1. Before we move on, is residue B:81 more than 8 Å from DNA strand C (Cβ to nearest atom), among the small types (Gly, Ala, Ser) and closer than 30 Å to residue B:301 by Cα?
2. For the range B:76-91, which positions are acidic (Asp, Glu) and more than 7 Å from chain A (Cβ to nearest Cβ)?
3. Has the range B:60-75 got any residue that is surrounded by fewer than 20 Cβ atoms within 10 Å (Cβ to Cβ) and within 10 Å of chain A (Cβ to nearest Cβ)?
4. Based on what the data block shows, is residue A:57 near DNA strand C (Cβ under 8 Å from one of its atoms) and within 36 Å of the chain's Cα centre (by Cα)?
5. Would you check if residue A:177 is under 17 Å from the mean Cα position of the chain (by Cα) and either outside the structural domain of residue A:99 (by TED's automatic domain parsing) or under 23 Å from residue A:97 (Cβ atoms) (or both)?
6. Go through (1) within 11 Å of chain B (Cβ to nearest Cβ); (2) among the hydroxyl-bearing types (Ser, Thr, Tyr); (3) within 22 Å of residue B:262 (Cβ to Cβ) one by one and return the number of the condition residue A:244 breaks.
7. Failed condition for residue A:191, given (1) among the aliphatic types (A, V, I, L, M); (2) surrounded by fewer than 23 Cβ atoms within 10 Å (Cβ to Cβ); (3) modelled with pLDDT of 95 or more; (4) not in a helix (DSSP H, G or I), with all others met?
8. Give just the number: which of (1) surrounded by fewer than 24 Cβ atoms within 10 Å (Cβ to Cβ); (2) of a type in the set (S, T, N, Q); (3) away from chain B (no Cβ under 12 Å) does residue A:115 not satisfy?
There are 2 protein chains.
Amino acid sequence: MAKLQDVATLAGVSTATVSRTLNNPELVDPSTRQKVANAISTSGYQRNETARSLAMRSSRTIGLLTDTFSSNYFAPILDEAIKILHDFGYYAIVEATGNHANHKNVELQKRAWRSLINRQVESIIVLCAFMDDRELDEMLMEFPSAINIGHSVEQAKSRCITVDHYTGGQLAAQHLIEMGHRNIAMISGPADRLDSQQRGDGFKDELNKHGIDLPSSKVYTGNYSVLGGSQAMQKLLETGHEVTAVFAQNDDMAVGVINECFSRSIEIPKDLSIIGFDDSSMATSTMPPLTTISQPLKQMSQSAATLALNLSVGRKNDKPLAKPTIHFLPELIARQSVANLAKPV
Amino acid sequence: MAKLQDVATLAGVSTATVSRTLNNPELVDPSTRQKVANAISTSGYQRNETARSLAMRSSRTIGLLTDTFSSNYFAPILDEAIKILHDFGYYAIVEATGNHANHKNVELQKRAWRSLINRQVESIIVLCAFMDDRELDEMLMEFPSAINIGHSVEQAKSRCITVDHYTGGQLAAQHLIEMGHRNIAMISGPADRLDSQQRGDGFKDELNKHGIDLPSSKVYTGNYSVLGGSQAMQKLLETGHEVTAVFAQNDDMAVGVINECFSRSIEIPKDLSIIGFDDSSMATSTMPPLTTISQPLKQMSQSAATLALNLSVGRKNDKPLAKPTIHFLPELIARQSVANLAKPV
DNA sequence: ATCCAAAATGTAAGCGCTTTCATAGACCAT
DNA sequence: ATGGTCTATGAAAGCGCTTACATTTTGGAT
């Protein structure tokens, strides 16, 4: 593999000139520029980014720390982030620790985190569903350009890209109420997750505001998975509550609900209405298409990448990109899984 | 950030000794080892992997070139590959070029490919659905440790991890025949994709072998997407073919078929049987659960990662890992979307 | 011709590691 | 004591780039 020195010899100039031709062409005479260009193409020279990183004290690399790609929620975020980084000439080193909610995970995540730092990444974008908030805050404080998508923690608040789960919960409740539902159940996510709590609180509060009660007997816990959703639905049906609608705190569980209904010949939305959360890719391909609360994943991801870039040492002297939004608002996406009881056909 | 020199000074030894303590502890006296360990922990030293890579002429990094993470097919492969690389102390740099089947994509992919090479990756794992075979072969030949998952190309054959699509097609046909189906339709993937052709050929040949014809009037083309599946199904229904079963060449299209049937109150598998391909994550959460042909994605990914590691310069002197399998066989996963016409209940 | 600022190029010192080679002890057998 | 073999360490030369600084060249303006 040809190196800078080879090109220099071939072109009859010094390595400095070649380097300049590559990085600041305006500093070198057009004719030399041409000579160098020729030398480069005949030698098939490819710049060694490792050496460059070392010399420039900047890796132009961002770390991506995540649980898994196998998630309708994570995947589009990661896609978008990588695209943006690439557009700015940055690289992405990815660590995926696996999708476990156990203690072993903490250890894996910390190891991955360290190895990213050792690798001289200029920022780390954390996208982990199962990460202890205290732990996360500590980590973020340890690495001042690290940012998180999803959680919001005390100290590193300004580096957390979040969506307003509470408002999302309210939105779901509002829609159900508008459509004439009064007898409603909820299938919540894991009890120890903040986003789940917030979605639940928003939902409950909004219901209360309209004089509708959501007793704990009508709240079932799933684990954000399809299976969890159908199991929760099963329990709900067994208790014999006569609800007309259920709010599943994410789309995966909503799919579980739909499946369970299907196998019991409960028609949606005629017999039961269902509203989800996330607007994940499956929401359009359920039957019927799922009414849900969307998170602006793409924009969130763009914000994260932009913020990461702004905080990167390699870009310290470039003009910063537009200040990214930190806090996003969810939106109601009305499709066909909620019946209008108020205005019956 | 403390550097090796700082640690050396603190411990009262040379940098060589510190380096050895880190990389070949058996070469240094236990007492010095201890001194160094102390110096490391009091200084909070973290090794600079960039400098290390440069000095060792080995980046311990593998490039991952893919279209997107948002795919039930790609995501688990990527997950698994990264996990294995990590276990061997390797890093993964990921480039995702986006999910477009157009010519612009070729340009993007080539750029990403180059940038991975510049970054001194020791191997590249290519996982791109839309890549021209000739183009791919050239690329693979240019970088002798690059490997591909999915395609099989002429020259770089030994570095292509594939599944036998033809056999998969046969399997689907066999199952349908065993279950008593004779009047069968097929929804194929994009015509220009080899895997799709092979799945189709296997299916058709096996059918023929049993005296069943698959005229082109019973073959519909989708584009491997849910929407494509339902559109193809729509056309099929409009032509009024009296088929009892359809083979969708991937699970996404099978989902489309199921949806279309649902909205027309065609019961599966009572009125129509459907078999998919891939055994993607959604196959268990359709209603009814989808009978399909599984690809051993996890094993394929492991093979890819292992092969990549074996071919890496950084591991040239380590003993090679077990020789990975290159060619995988698909398997029938019988669930509940195919009715048994032979032995009616 | 002369001088000077600006433009173009070269020289060489790093970046933070690894590793070869040389050196110095330590230990044992003669 | 002498030599030889090991083991433990250090000195220093890179790895392939970038860049501060020094030097040379250029092209007016005088």
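1. Numbers: more than 8 Å from DNA strand C (Cβ to nearest atom): yes; among the small types (Gly, Ala, Ser): yes; closer than 30 Å to residue B:301 by Cα: yes.
Considered against the rule, which asks whether it is more than 8 Å from DNA strand C (Cβ to nearest atom), among the small types (Gly, Ala, Ser) and closer than 30 Å to residue B:301 by Cα, residue B:81 comes out as yes.
2. Quick first cut of the range B:76-91, residues acidic (Asp, Glu) only: B:79-80, B:87.
Passing the criteria: B:80, B:87.
3. No.
4. Values: near DNA strand C (Cβ under 8 Å from one of its atoms): yes; within 36 Å of the chain's Cα centre (by Cα): yes.
It is true that residue A:57 is near DNA strand C (Cβ under 8 Å from one of its atoms) and within 36 Å of the chain's Cα centre (by Cα).
5. Considered against the rule, which asks whether it is under 17 Å from the mean Cα position of the chain (by Cα) and either outside the structural domain of residue A:99 (by TED's automatic domain parsing) or under 23 Å from residue A:97 (Cβ atoms) (or both), residue A:177 comes out as no.
6. Among (1) within 11 Å of chain B (Cβ to nearest Cβ); (2) among the hydroxyl-bearing types (Ser, Thr, Tyr); (3) within 22 Å of residue B:262 (Cβ to Cβ), residue A:244 violates only (1).
7. (3)
8. (3)
The values are calculated or read from the model by the stated rules, or taken from the named source; none is laboratory data. Keep in mind the model is a prediction, meaning the values are calculated, not measured. When we count neighbours, we look across all protein chains shown, and the Cβ atoms used for this are built from the backbone with ideal geometry, even at glycine. Note: areas computed on protein heavy atoms with side chains; ligands, DNA, RNA excluded. Shrake-Rupley method; radii C 1.70, N 1.55, O 1.52, S 1.80 Å.
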